[in-house]
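Read the structure below first, then the notes.
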Amino acid sequence: MSDDSHHILSKPNFMHKVTYLRILDLSFTSIKKLPKEIEKMLLLRYLDLSGTKLEELSEIVSNLCNLQTLKINRCLYLRRLPERMGKLVNLRHLEIEETDGLECLPLGIGRLKSLQTLCKFIVSKGCKLRELKYLNNLHGSLDITNIKGKGNEYDEAELKNKDYFKVLKLNFCAGNNEEDEVKLLDQNVHELLEPHLNLENFLLRGYNGPNPVENITPSPLGKLKSLRHLKIHKLDSVKPINLKVLRILDDGQEGGTTETPELISFPKLKELEVSFMSWENWVMKTKEYHTVMPCLQRLVIDECHNLKTLAHHILPDTLRELYIGAIPNQTWTISCLPPLLEKMTLGEDAGELSRSLTVKKHTNLKSLFILRFQHSTLPEGLAQLTALQI
């Protein structure tokens, strides 16, 4: 509809004709307040208010009992949703992307058991994590924000029962850092770190409790057989990924009937990003029957200033893209680049790699980017990279 939509909806004759309307699209109009006349559209199933200047969504929306899809994407001024939104038991899709001003979700949203789309869940005093308990039909991606303190309800979120999740993002907030809150968080957060095993993309940001991930995660990360993307960013409490975290058997069971069962860690992982971590030594001791990240194609290690050594498993033969930046204390060298590597980036001070690329002749590396270089000479060994393209 055009920007005259509010005027059109206010006409009595118009309302008489659209009482049985099932689809209403007011997206990207200049309305700042939802027209009152909408409350008469009791058969409405689809309502799109994306890109409008709404600050609050009127309670009249809660009376649209047949509503199945509500879109409020890119509503930059939106602060609140209707308090009685839990009445919309037929709602399947609640789209709230790019609504950064949204302060909280309404209490009772957990009653929307048919909900399939909810990209963001904002934890607040009124809307606790327990509201997620019965939302087991959620599909796709969910970003849980503002996780902090008083974590005794974390086990009620039951993320492990969300079979259809592909992407899960957990964003912790330090809050006021009271000691009792930190203890509660440490004791219960493991329930959040036990998502469904079909997860493909897992982001953990801002957890700074005293326990490392391998101690607070009941199911090792390596058990996420479908995981394709893993990003570890600014988690001071997390130790380097080791075998205790990665442990997984090829049949998914702990234990086995053979003497030397094949171990596969992150069997489908394609991208791994590690940034702003305080790790010093990243070492993994493995058996000959243990395979680590056999499908990894992209690796990013950035702003890990204390990192000195790196496990050789992190550079598998399948790797195609490598970014290493701002790890000035790094002492290891790459004697042989992964054979399929096509693109390598050295950002800022990449330690020993900024000084020497002692590699054998490589026929696949086509792109080498050296960013914010801090040395007076280029790395030695560039002549061995015969496939580089200018």
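Considering only residues that are touching a helix residue (DSSP H, G or I) at 6+ places or on another chain (Cβ under 7 Å) and either touching a residue at least 60 places away in the same chain (Cβ under 8 Å) or farther than 19 Å from LEU102 by Cβ (or both), which ones fall in the range 25-59?
THR29, PRO35, LYS36, GLU37, ILE38, GLU39, LYS40
Could you list, in sequence order, the residues of the range 283-309 that are modelled with pLDDT under 75 and either buried (at least 17 other Cβ atoms within 10 Å of the Cβ) or not in a loop (DSSP other than H, G, I, E, B) (or both)?
Once the filter is applied, which keeps residues that are modelled with pLDDT under 75 and either buried (at least 17 other Cβ atoms within 10 Å of the Cβ) or not in a loop (DSSP other than H, G, I, E, B) (or both), the range 283-309 yields MET284, HIS290.
Scan the range 331-369 for residues that are farther than 23 Å from TRP282 by Cβ and modelled with pLDDT under 80 and jot them down.
If the condition is that a residue be farther than 23 Å from TRP282 by Cβ and modelled with pLDDT under 80, then LYS360, LYS361, HIS362, THR363 are the ones that fit.
Given the structure, is ARG74 at positive phi, among the charged types (D, E, K, R) and modelled with pLDDT of 95 or more?
Judged against the criteria, ARG74 is a match.
What is the residue count in the range 67-79 for residues that are more than 24 Å from the chain's Cα centre (by Cα) and either surrounded by fewer than 15 Cβ atoms within 10 Å (Cβ to Cβ) or part of a helix (DSSP H, G or I) (or both)?
Here the count works out to 1.
Only one residue in SER141, SER114 is modelled with pLDDT of 90 or more and within 16 Å of the chain's Cα centre (by Cα). Which one?
SER141
The values are calculated or read from the model by the stated rules, or taken from the named source; none is laboratory data. Bear in mind the structure is a predicted one, so any value in this text is a computation, not a measurement. Reconstructed Cβ throughout: ideal geometry from the backbone, glycine too, with neighbour counts over all protein chains shown.
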